[in-house]
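This report refers to the structure that appears directly beneath it.
The values are calculated or read from the model by the stated rules, or taken from the named source; none is laboratory data. Because the structure is a prediction, the values reported are computed rather than measured. Cβ: placed from backbone, ideal geometry, glycine included. Neighbour counts: every protein chain shown. We work out accessible area using only protein heavy atoms, side chains counted, and drop any ligands, DNA or RNA first. Shrake-Rupley method; radii C 1.70, N 1.55, O 1.52, S 1.80 Å.
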Amino acid sequence: MPNNQTASEEELQVFRIHGNKLERVLKTVVYRKYTRHGPPTLLVNEEGVEPGDWQWEDRFCSVIAVTGSKTNGVFNWVKVSSAQSTKPDTARNASTEVLPAVVFRWTGEHYEARNDEKEAYFFRED
């Protein structure tokens, strides 16, 4: 079985019409998946690595909701995320981890995360 790694990511982007222009006011990652399948046969035979140790998946999934609070007269949004892993060492300890919530507040021009929101890991906009 060949060694195979894949990664995918989905973003939520929110736009507004301002004057005669379309402007993006929010961009955030809401789903990420990393998968690894199959060890190199040589590695399994020579180092005693179990194939199950090389077949796992990490997932990060989010829900975004409008809050009751406002900043600059516009409702704040909150993103709550969870992470799941099927890695043998991780899965034994905890199947799902709830990550700290991220609050998006209106700056007057766009939504901004005021606490540490992790940027896109696999794809970056230069």
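What about T35, is it modelled with pLDDT of 90 or more and open to solvent by less than 50 Å² (accessible area, probe 1.4 Å)?
Numbers: modelled with pLDDT of 90 or more: no; open to solvent by less than 50 Å² (accessible area, probe 1.4 Å): yes.
So T35 fails the test.
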(message) Only one of V49, V44, V103 is β-branched (V, I, T) and at pLDDT 70 or above. Can you tell me which?
(response) V103
(message) modelled with pLDDT under 60 and surrounded by 10 or more Cβ atoms within 10 Å (Cβ to Cβ): which single residue out of T67, T90, T71 fits that description?
(response) T90
(message) So G108 passes all but one of these: (1) at pLDDT 75 or above; (2) at negative phi; (3) open to solvent by less than 90 Å² (accessible area, probe 1.4 Å). Which condition number does it fail?
(response) (2)
(request) Please name all residue pairs, on different chains or six or more residues apart, with Cβ atoms under 7 Å, provided the first residue is in segment 68-97 and is closer than 11 Å to E57 by Cα and among the polar types (S, T, N, Q) and the second residue is surrounded by 10 or more Cβ atoms within 10 Å (Cβ to Cβ) and at pLDDT below 70. (result) Q84/S95; S85/A91
